[in-house]
Amino acid sequence: MRFATLTRQPDDPLLRIIGQHAADPRARKIDLGVGVFRDEEGRTPVMTAVKAAETRLLSEQSSKSYLGPEGDTGFVRALAKLVVGDAVASDRVVGLQTPGGTGALRLAAELMARAGVARIWIGSPSWANHAPLFRQAGVEPAMIPCFDLGTQTFDLDGFLTGLNAADSGDAVLLHGCCHNPIGIDPNAAGWSVIASHIAERGLLPVVDLAYQGLGDGFDEDAAGARTILSTVPEALLAYSCDKNFGLYRERTGALFAITPDRDSGATVFSNLLGLARANWSMPPDHGAAIVRIILEDEALTAQWRDELETMRRRLESLRAALAAGGRIGAIDLGAVAHGKGMFATLPLSPAQVEWLRDRHAIYMAGSGRINIAGFNLAAIATFHDALRDMVA
Ligand code: PMP
């Protein structure tokens with residue numbers, strides 16, 4: 001009887017919030033919990049370019065035979081061009097398709113463990129899955145607190161000072177853009193400082209780029225990642241298409257490795273293939289095929305970029321409307337305007353988060369993280385009123 005040795009694990013707190021929200025009968029309830037994009041009506045629609053690519057795929061696909069552990073190579077090639085651009089010579093880049101950004105991070109972690117990386121330094125707070133994911137793959141996470149929620153700022157000096165404790169050969173996780181859960185990224189000067197700091201100390205950067213196009217703009221959002229990749233001899237880049245193509249459940253992502261030369265790239269790639277094979281054998285095809293069809297077709301690419309830009313603008317205007325609430329008690333909503341992308345974390349205590357849920361049917365993570373796309377303009381007014389009620 002082996003199962004008796006297991007202990008019951010706690011529910012995922014965010015899934016619990018989703019369940020509570022679904023069961024809440026109040027008409028004015030607001031869901032700021034789950035991290036998916038929503039339109040003004042609260043829907044997470046399939047993008048028109050994705051539908052068009054899917055229709056084409058349905059009529060043109062002639063086989064569903066296996067592709068291989070590297071997945072759809074056309075997808076990987078097109079994505080590399082889009083993301084890495086000419087920041088690094090193409091013979092220094094290898095990549096493969098993964099089940100979402102999570103799969104890419106998992107593969108990155110396993111490659112690091114195999115290469116003897118013992119620790120990964122992560123600015124805290126970070127996406128709740130980062131620390132357990134790296135730990136379970138054998139790379140110990142070391143957290144560096146480096147955000148001030150009151151002023152909504154990233155403490156660059158604090159982050160760099162934290163990194164001084166790193167050993168050469170340790171890894172560093174960096175959110176490429178639209179930080180989850182804070183929404184605050186380094187500026188261009190900050191990225192340059194981080195890049196040289198990492199290069200000088202011989203650290204391995206792992207860039208997690210899961211929201212490209214939802215921050216400042218498509219190329220702008222890759223600028224930090226490109227600064228890092230062009231400064232160091234070795235790096236990993238985990239990419240997710242699940243937000244910017246709205247493909248969530250299709251689990252669409254890729255892992256890229258930047259290597260010193262073509263020969264070490266071939267070695268890294270052979271290790272990645274073996275690790276993928278032992279994990280999922282081959283990644284799911286559908287989402288990557290859709291992205292490939294879009295990226296290989298100029299008109300579809302333009303349509304997708306247009307839709308993505310509409311999503312980005314919606315987030316930007318909701319953020320501005322939220323920030324217009326100004327100071328409410330000790331909370332300076334105006335500072336939320338510093339952020340980008342889907343998330344912000346407000347300086348709310350767990351008790352205040354609970355109070356907002358019970359009294360005003362406003363649902364968010366216990367940490368105070370909100371999904372800005374969960375709002376519409378009416379809900380923002382409701383939210384401002386609820387905060388005023390809370391501090392009254
Ligand atoms: N990294 C970050 C920062 C994320 O927020 C997410 C998704 N919430 C992921 C990676 C994983 O993305 P995917 O859904 O493609 O696995």
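The values are calculated or read from the model by the stated rules, or taken from the named source; none is laboratory data. Remember, it's a predicted structure, so these values are computed and weren't measured experimentally. A quick note on method: Cβ atoms are made from the backbone with ideal geometry, for glycine too, and the neighbour counts reach across all protein chains shown.
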Note to self: Whether any residue in the stretch 255-265 is away from the ligand (no atom under 16 Å from the Cβ) and in contact with a Pro (Cβ under 7 Å, 6 or more places away or on another chain) is what I want to check.
What the structure shows: yes
Margin query: Return the residues of the stretch 11-35 that are part of a loop (DSSP other than H, G, I, E, B) and modelled with pLDDT of 95 or more; say none if nothing qualifies.
Written below: Asp24, Pro25, Arg26, Lys29, Leu32
Margin query: Given the condition among the hydrophobic types (A, V, I, L, M, F, W, C) and touching a Pro at 6+ places or on another chain (Cβ under 8 Å), answer yes or no: does some residue in the stretch 311-326 qualify?
Written below: no
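Okay, residues lined up against (1) among the β-branched types (Val, Ile, Thr); (2) without any contact (Cβ under 8 Å) to a residue 60 or more places away in the chain; (3) surrounded by fewer than 17 Cβ atoms within 10 Å (Cβ to Cβ):
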position	(1), (2), (3)
Ile331	yes, no, no
Gly334	no, yes, yes
His338	no, no, no
Met342	no, no, no
Leu348	no, yes, no
Val353	yes, yes, no
Ala365	no, no, no
Ile380	yes, no, no
Arg388	no, no, yes
Checklist line | Scope the stretch 123-148; condition more than 23 Å from Val34 (Cα to Cα), touching a residue at least 24 places away in the same chain (Cβ under 8 Å) and among the aliphatic types (A, V, I, L, M); matching residues | finding: Ala137, Val139, Ala142
Next item on the list: Sort out which residues of the stretch 285-310 are more than 17 Å from Ala80 (Cα to Cα), touching a helix residue (DSSP H, G or I) at 6+ places or on another chain (Cβ under 8 Å) and surrounded by 21 or more Cβ atoms within 10 Å (Cβ to Cβ), and write them in order of number.
Entry: Trp304
Check: What are the residues in the stretch 250-267 that are of a type outside the set (Gly, Ala, Ser) and within 24 Å of the chain's Cα centre (by Cα), if any?
Finding: Glu250, Arg251, Thr252, Leu255, Phe256, Ile258, Thr259
Notebook entry, point to check: Can you tell me which of Ala80, Ala49 is more than 16 Å from the ligand (Cβ to nearest atom), more than 19 Å from Arg249 (Cβ to Cβ) and either at pLDDT below 95 or surrounded by 17 or more Cβ atoms within 10 Å (Cβ to Cβ) (or both)?
Noted result: Ala80
Note to self: Looking only at the stretch 1-38, how many residues end up being under 19 Å from the mean Cα position of the chain (by Cα), within 24 Å of Glu250 (Cβ to Cβ) and in contact (Cβ under 8 Å) with a residue 40 or more places away in the chain?
What the structure shows: 7
Check: Does at least one position in the stretch 95-106 carry a residue that is out of contact with any Gly (no Cβ under 6 Å at 6 or more places or on another chain) and away from the ligand (no atom under 16 Å from the Cβ)?
Finding: no
Notebook entry, point to check: Considering Leu214, Leu237, Leu209, which residue is touching a residue at least 12 places away in the same chain (Cβ under 8 Å), more than 25 Å from Pro141 (Cα to Cα), surrounded by 18 or more Cβ atoms within 10 Å (Cβ to Cβ) and within 16 Å of the ligand (Cβ to nearest atom)?
Noted result: Leu214
Checklist line | Of all residues making up the stretch 167-184, the number that are surrounded by 20 or more Cβ atoms within 10 Å (Cβ to Cβ), over 15 Å from the mean Cα position of the chain (by Cα) and not acidic (Asp, Glu) | finding: 2
Note to self: Kindly evaluate Phe159 against the criterion of being more than 15 Å from the ligand (Cβ to nearest atom) and aromatic (Phe, Trp, Tyr).
What the structure shows: yes
Item checked: Search result, residues across the stretch 83-127 that are within 17 Å of the chain's Cα centre (by Cα) and surrounded by fewer than 22 Cβ atoms within 10 Å (Cβ to Cβ) -> Thr102, Ser124, Pro125, Ser126, Trp127
Note to self: Being under 22 Å from the mean Cα position of the chain (by Cα), closer than 19 Å to Met364 by Cβ and surrounded by 13 or more Cβ atoms within 10 Å (Cβ to Cβ) is true for just one of Gly71, Gly42. Which residue is that?
What the structure shows: Gly42
Margin query: Cβ-Cβ distance below 7 Å, separation of 6 or more or different chains: which pairs start in the stretch 262-281 with a residue that is surrounded by fewer than 15 Cβ atoms within 10 Å (Cβ to Cβ) and end on one that is part of a helix (DSSP H, G or I)?
Written below: Arg262/Asp91
Notebook entry, point to check: Residues in the stretch 339-367 that are under 16 Å from Ile380 (Cα atoms) and assigned to a loop (DSSP other than H, G, I, E, B): how many?
Noted result: 4
